[in-house]
Structure formats: C-alpha cells, structure tokens
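Student: If you scroll down you'll find the structure; I have some questions about it.
The values are calculated or read from the model by the stated rules, or taken from the named source; none is laboratory data. Predicted model, so just to flag it, every value in this text is computed and none were measured. We place every Cβ from the backbone using ideal geometry, glycine too, and count neighbours over all the protein chains shown.
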Amino acid sequence: MSFMRTSAFVGAAFAVSLMATSALTTVAHAEPTVEVLHYWTSGGEAKAAAELKSEFEAAGGKWVDSPVAGGGGDAQATVLRSRVLAGDPPSAVQIKGPNIADWAEQGALADLNSVADAEGWDKLLPPQIQKIVKYDGKYVAVPVNIHRVDWIWANPEVLKKAGVDSVPNTWDGLFAAADKIKAAGFIPFAHGGQDWQDATVLETIILGVGGADFFNKALGDLDEASLKSDTMKKAFTYFRKFQGYVDDGASGRDWNLATAMVMNGKAGMQIMGDWAKGEFFAAGKKAGTDFLCVPTPSEHGYILNSDSIAMFKVKGDDKVEGQKVLAKLIMGEKFQEIFNLYKGSIPARIGVPRDKFDSCAIKSMDDLDTASKGGTLVGSVAHEILQAGAVRGAFLDVATEFFNSSMSADDAVAKLAEEMENAKD
Ligand code: GAL
C-alpha cells in the first residue's frame with residue numbers, strides 16, 4: 001500500500017476513533033502528560049532526548065518515553081502508522097518535512113497556534129523552518145533543531161599517519177586521500193550499509209557534482225533529463241568509487257557504530273549528518289583536536305535536515321495540556337541550546353547565544369546563512385525534507401541497490417528516473 005493510500009485510510013480510521021471517544025474526555029485536571037514516539041536511541045541522541053524529558057518533568061509534566069530503534073526513522077514511521085490505525089496515536093511524535101503536511105492533511109495534528117502566537121514563533125523561526133512546521137497557515141509541529149547532512153567526520157591521528165595534511169575539498173582529492181589512508185592500513189571510509197545511509201552519501205555527491213540548482217531540478221522537480229544526465233551518471237561513478245573504500249563489514253552496520261570506528265582510529269573518515277557529532281560529544285571528544293568536521297566537497301552547498309515534534313490530536317485534558325507545555329518548552333532558548341549541544345545540531349530558533357557551541361556548530365550556522373542567501377541551501381531527500389514517502393523510498397531503493405551490486409552508472413540513472421516517475425502521486 002503506497003504511503004498516500006495508507007494515510008488516507010489512516011485518516012478515516014483516525015477521525016472515527018476521535019469522534020467515538022471525544023465524549024469520554026475527562027474533565028479531571030491531572031498533571032500535563034505526553035507520550036513521545038521518537039528514534040533518538042544512539043548514545044548522543046539518547047542524551048539529547050533525556051534532556052527534553054528532564055526539562056518537561058522539571059516543568060511538572062509526566063513523560064512517557066516511546067523510543068523505536070532504527071536510524072533514519074523508517075521503523076518508527078511504521079509504528080506510528082499502526083498506532084494511528086489502531087486509534088491510539090502517541091501525543092508527540094518526531095516527524096519531519098512533507099510527512100508533517102501529510103499527517104496534517106489527514107486531520108491528525110493538533111493546532112499549536114495558541115502557543116505559537118503567545119510565544120511569537122513567527123519572529124523566532126527562519127522561513128525555511130516555518131515552511132516545514134506550518135500547514136494551512138497554522139503551526140502543527142515544533143522544530144527542535146537544524147541538522148546538516150553534508151559532513152565528513154575525520155580522525156586527525158589517522159590522517160597524520162597516512163600522510164594526509166587535511167581533508168580535501170574536492171571529490172578527486174578526497175579519493176586520493178582515501179588511497180593514502182588505505183595504503184597506511186586503515187579503513188578509508190567508515191560506513192553503515194543501510195539504505196538511508198547509502199542515500200545520505202549519494203545525495204552529498206549529487207550536490208557536490210551538480211550543484212544546488214541541479215540537485216533541486218533532479219531530486220525536487222524529478223526532471224527526467226536531469227535524472228538521466230551525464231552529471232547524474234558522474235555522481236553514480238563517484239558513488240561507486242566511494243564504495244571501494246568501505247570495509248566488507250559495512251553491510252547492515254548502524255551509523256553510530258561507523259562513527260565509533262572513526263572515533264577509535266579504525267577508520268579515517270565517515271560521511272554522515274551531524275548527529276554523528278552527538279556521538280563524539282557524548283564520548284567527551286573535542287572538535288578540532290579529537291575529530292575534524294569538514295563539509296563534503298560542493299560550491300557552498302548545505303543539505304538541511306530538521307527534526308520536529310508534531311502533536312497528534314489526542315483525548316484527555318492532561319494530554320492536551322502536556323502538548324502545550326512541551327511545545328513551549330522545545331522552542332525555549334535554554335532548551336534549544338542544551339538539546340542541540342547534545343544532539344550535534346544547531347538551534348532551529350533564531351538568536352540562541354553561540355558561545356557554548358563548538359567550531360563545527362559555528363561553521364554550520366555560518367554556512368547555513370551563506371547558503372540561504374546564496375541559493376545553495378537544499379533539503380535532504382535521504383532525511384525526508386525535500387521528499388518523503390514513495391519518492392524518497394525510490395531514491396533509497398536505487399541508491400542501496402546500486403551500492404550492493406555491480407550496476408552501471410548508465411543503468412542506475414535509467415532506474416532512478418523510472419522509479420521516481422512511478423513513485424509520483
Ligand atoms: C535523521 C534524524 C536525526 C537522527 C538520524 C539518525 O533522520 O533527523 O535526528 O536521528 O536520522 O537516526
């Protein structure tokens with residue numbers, strides 16, 4: 001069942017369940033309560049989620065934690081759909097990008113405008129984030145962060161032993177450095193062979209090889225000529241080169257175990273979003289000395305990912321009150337600072353003081369500003385910002401099939417164009 005058909009059926013089931021039980025809404029005023037469905041289960045992520053939990057409890061709330069392991073969130077999305085289908089949605093859910101609009105379109109999300117108006121969110125959120133968390137002019141989710149996808153995480157000790165002075169800023173230079181790291185007896189790129197991780201690497205290469213306009217035309221507009229172009233073929237050719245620098249144990253490896261390989265000096269580099277920095281932070285590692293963060297090669301590109309918490313329509317004054325308390329808390333300056341220090345991301349809220357953030361976060365903030373002004377900011381497909389549902393699924397499928405086969409670049413671009421065309425609504 002395609003994502004859209006599922007959600008239409010889900011929407012109907014949801015409406016029925018809500019009508020059937022709304023009469024049962026109790027008037028007793030218990031403590032504000034939230035059940036939070038999320039997939040922040042790695043070391044760094046869990047610390048960040050625990051921060052949100054302790055702040056909510058400090059505000060007098062009761063937090064019911066519902067973590068679903070599985071990086072990239074596909075396992076969590078399956079749990080969410082079954083919970084809504086059963087007429088028992090969690091009150092607060094980590095979802096992103098077009099998925100927020102899809103759930104809002106089904107009438108599944110609560111209107112947060114009372115909190116947003118009282119707290120002045122319109123002045124506190126950049127336009128590209130407002131676009132994600134608003135539906136029909138109303139706030140239906142609250143953004144917790146801005147993650148950058150197009151990063152290289154490197155171990156300076158390994159680079160030094162391999163005679164690599166710095167992480168190169170071209171793909172050819174990167175592969176030449178990988179050759180040196182391999183010759184020195186280290187794994188050049190730590191990687192987890194999972195579809196969303198393969199797609200994460202591929203989208204950074206597409207941005208680097210084609211630029212932001214090409215990225216948006218090919219993966220946003222699904223322009224057939226761009227998807228089948230020599231530029232896209234070149235991207236797959238580089239993706240094949242990347243695959244040659246990954247160890248045989250990569251298949252199925254979780255992303256944070258790949259990060260640990262860089263941290264422990266088994267591997268030289270990892271291409272991954274800055275939730276990987278949360279792992280270094282959790283291990284007490286320092287940016288610039290214990291690890292390096294360098295954007296993947298591109299012309300001032302920036303691949304944006306942003307996590308939000310969407311509040312599903314639920315019954316019970318305690319749960320509705322809990323949603324309002326949580327939404328206000330998440331957009332608070334203090335929370336936006338502490339959560340993002342742990343998470344490896346930067347605040348979604350404008351104007352949070354920079355002084356506690358490290359050089360990687362500062363670079364992300366500065367590069368985001370440059371990319372926003374220069375038109376080189378793009379939304380991630382691998383992480384459900386530019387695309388979600390079936391179209392994103394097609395991108396992940398082709399990326400991982402190519403990575404795990406000897407498929408040619410010519411065949412890959414033909415398959416990508418065909419699968420994305422078929423996935424369109
Ligand atoms: C991303 C999500 C991040 C992190 C990462 C690894 O999609 O936005 O917060 O969880 O997956 O699971």
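Student: Residue 363 - would you say it is surrounded by fewer than 24 Cβ atoms within 10 Å (Cβ to Cβ) and over 19 Å from the mean Cα position of the chain (by Cα)? Spell out how you get there, then give the answer.
Tutor: Working: surrounded by fewer than 24 Cβ atoms within 10 Å (Cβ to Cβ): yes; over 19 Å from the mean Cα position of the chain (by Cα): no.
No: the conditions fail for residue 363.
Student: Follow-up question, since we're still on this one. From the list 278, 301, 322, 273, which residue is within 19 Å of residue 37 (Cα to Cα), in contact with a Ser or Thr (Cβ under 8 Å, 6 or more places away or on another chain) and either surrounded by 22 or more Cβ atoms within 10 Å (Cβ to Cβ) or in the same structural domain as residue 99 (by TED's automatic domain parsing) (or both)?
Tutor: Details: 278 fails: within 19 Å of residue 37 (Cα to Cα); 301 fails: within 19 Å of residue 37 (Cα to Cα); 273 fails: within 19 Å of residue 37 (Cα to Cα).
One residue alone meets the criteria, 322.
Student: Considering only residues that are more than 23 Å from the chain's Cα centre (by Cα) and not aliphatic (A, V, I, L, M), which ones fall in region 206-229?
Tutor: Correct list: 223, 224, 226, 228, 229.
Student: If a residue has to be more than 16 Å from the ligand (Cβ to nearest atom) and under 18 Å from residue 384 (Cβ atoms) to count, how many in region 106-149 make the cut? Let's see the steps before the verdict.
Tutor: Residues of region 106-149 more than 16 Å from the ligand (Cβ to nearest atom): 106-127, 130-131, 134-140.
Those left that are additionally under 18 Å from residue 384 (Cβ atoms): 106, 108-109, 130-131, 134-135, 140.
Adding up the residues that qualify gives 8.
Student: Test residue 165 against the criterion of being acidic (Asp, Glu) and touching a residue at least 24 places away in the same chain (Cβ under 8 Å), and give yes or no.
Tutor: Values: acidic (Asp, Glu): yes; touching a residue at least 24 places away in the same chain (Cβ under 8 Å): no.
No.
Student: Filtering region 362-373 down to residues that are free of Cβ contacts under 8 Å to residues at least 40 places away in the same chain and of a type in the set (A, V, I, L, M, F, W, C), which residue is farthest from the ligand (Cβ to nearest atom)?
Tutor: Narrowing region 362-373 to residues free of Cβ contacts under 8 Å to residues at least 40 places away in the same chain: 362, 365-366, 369, 373.
Filter once more, keeping what is of a type in the set (A, V, I, L, M, F, W, C): 362, 365.
On the way: 362: 20, 365: 18 Å.
For region 362-373, the residue satisfying everything is 362.
Student: Can I ask one more? Counting only residues that are surrounded by fewer than 24 Cβ atoms within 10 Å (Cβ to Cβ) and touching a residue at least 24 places away in the same chain (Cβ under 8 Å), how many does region 247-259 have? If you could, list the steps in order and put the result at the bottom.
Tutor: Within region 247-259, the subset surrounded by fewer than 24 Cβ atoms within 10 Å (Cβ to Cβ) is 247-257.
Of the ones still in play, those that are also touching a residue at least 24 places away in the same chain (Cβ under 8 Å) are 247, 250-257.
Adding up the residues that qualify gives 9.
Student: Could you tell me which of the residues 190, 218, 184, 235 is touching a helix residue (DSSP H, G or I) at 6+ places or on another chain (Cβ under 7 Å) and surrounded by fewer than 21 Cβ atoms within 10 Å (Cβ to Cβ)? Walk me through it before giving the result.
Tutor: On the way: 190 fails: surrounded by fewer than 21 Cβ atoms within 10 Å (Cβ to Cβ); 218 fails: surrounded by fewer than 21 Cβ atoms within 10 Å (Cβ to Cβ); 235 fails: surrounded by fewer than 21 Cβ atoms within 10 Å (Cβ to Cβ).
Residue meeting the stated conditions: 184.
Student: Here are the criteria: (1) surrounded by fewer than 22 Cβ atoms within 10 Å (Cβ to Cβ); (2) touching a helix residue (DSSP H, G or I) at 6+ places or on another chain (Cβ under 8 Å); (3) within 22 Å of residue 99 (Cα to Cα). Tell me which single one residue 338 does not satisfy.
Tutor: Every condition holds for residue 338 apart from (3).
Student: Go through the residues of region 404-416 one by one and say whether even a single one is more than 16 Å from the ligand (Cβ to nearest atom), within 25 Å of residue 128 (Cα to Cα) and touching a helix residue (DSSP H, G or I) at 6+ places or on another chain (Cβ under 7 Å). Write out each step before concluding.
Tutor: Our first condition is that a residue be more than 16 Å from the ligand (Cβ to nearest atom); within region 404-416, this holds for 404-416.
Next cut, within 25 Å of residue 128 (Cα to Cα) only: none.
No; the residues of region 404-416 include none that is more than 16 Å from the ligand (Cβ to nearest atom), within 25 Å of residue 128 (Cα to Cα) and touching a helix residue (DSSP H, G or I) at 6+ places or on another chain (Cβ under 7 Å).
Student: Name the single residue that is surrounded by the most Cβ atoms within 10 Å (Cβ to Cβ) among those in region 397-422 being under 28 Å from residue 274 (Cβ atoms) and free of Cβ contacts under 8 Å to residues at least 40 places away in the same chain.
Tutor: This residue is 398.
Student: Only one of (1) more than 16 Å from the ligand (Cβ to nearest atom); (2) assigned to a loop (DSSP other than H, G, I, E, B); (3) under 21 Å from the mean Cα position of the chain (by Cα) fails for residue 284. Which number is that?
Tutor: So residue 284 meets the others, but not (3).
Student: Starting from residues that are away from the ligand (no atom under 15 Å from the Cβ) and β-branched (Val, Ile, Thr), keep the ones in region 374-396 and report whichever is surrounded by the fewest Cβ atoms within 10 Å (Cβ to Cβ). Don't jump to the end; show me each part of the working.
Tutor: Of region 374-396, the ones away from the ligand (no atom under 15 Å from the Cβ) are 374-378, 390-391, 394.
Checking the rest, the ones that are also β-branched (Val, Ile, Thr) come to 376, 378, 391.
On the way: 376: 19, 378: 27, 391: 22.
For region 374-396, the residue satisfying everything is 376.
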